[in-house]
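The structure appears right after this line, and notes come after that.
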Amino acid sequence: MQRVDNEDLRAVFRTFDLNGDGFISVVEFKEVMRKFGKDMGDDEIKHVIKTFDDDANGLVCFNEL
């Protein structure tokens, strides 16, 4: 398995952080996935966010990745 470069990960994070506030919300995640042609339900997205959301605030920051 190939390791992901930190700068590549930051670039992907910025793609999902649509408003540039340093967090990825459910709404942002859903919008980006829709742009990539993947229509995900709210429960599915919340599950993904929860997987990374260490502080349980409903958002993912870069440091939680």
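The values are calculated or read from the model by the stated rules, or taken from the named source; none is laboratory data. Bear in mind that the values here come from a model prediction, so they are computed numbers and not experimental data. Every residue, glycine among them, receives a Cβ derived from its backbone with ideal geometry; neighbour counts consider all protein chains shown.
Considering segment 26-46 alone, what residues qualify as being more than 11 Å from Phe16 (Cα to Cα), surrounded by 11 or more Cβ atoms within 10 Å (Cβ to Cβ) and basic (Lys, Arg)?
Within segment 26-46, Arg34, Lys46 qualify.
Listed here are the residues, each with its yes/no results for (1) at pLDDT 95 or above; (2) more than 22 Å from Glu7 (Cα to Cα); (3) under 10 Å from the mean Cα position of the chain (by Cα); (4) not hydrophobic (A, V, I, L, M, F, W, C).
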| position | (1), (2), (3), (4) |
| --- | --- |
| Asp21 | yes, no, no, yes |
| Ser25 | yes, no, yes, yes |
| Arg34 | yes, yes, no, yes |
| Gly37 | yes, yes, no, yes |
| Gly41 | no, yes, no, yes |
| Asp54 | yes, no, no, yes |
| Asn57 | yes, yes, no, yes |
